[in-house]
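We did not get these values from a lab; they are worked out from the coordinates using the rules stated. Quick caveat, the model's predicted, so the values are computed rather than measured. Because the Cβ atoms are built from the backbone with ideal geometry, glycine has one as well, and the counts that use them run over all protein chains shown.
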Amino acid sequence: WGGRRATPDGAPAWNPAFDVTPARLVTAWISERGVEKPPFPA
């Protein structure tokens, strides 16, 4: 959002910074460059 506020001050929200998925469940990475399958780069 480019540093712009999207909600009013004091609005209740729960916004976790990240989601942790167990590595055994990850079968591919998807990005703007395409689909990366194992072995994943370090």
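General remarks:
- Scanning region 10-25 for residues that are more than 20 Å from Phe40 (Cα to Cα) and of a type outside the set (Phe, Trp, Tyr) yields Gly10, Ala11, Pro12, Ala13, Asn15, Pro16, Ala17.
- When region 1-29 is filtered for residues that are out of contact with any strand residue (DSSP E or B) (no Cβ under 9 Å at 6 or more places or on another chain) and of a type in the set (Gly, Ala, Ser), the ones remaining, listed by number, are Gly2, Gly3, Ala6, Gly10, Ala11, Ala13, Ala17, Ala23.
- Considering residues of the chain that are assigned to a loop (DSSP other than H, G, I, E, B) and basic (Lys, Arg) only, the residue surrounded by the fewest Cβ atoms within 10 Å (Cβ to Cβ): Arg4
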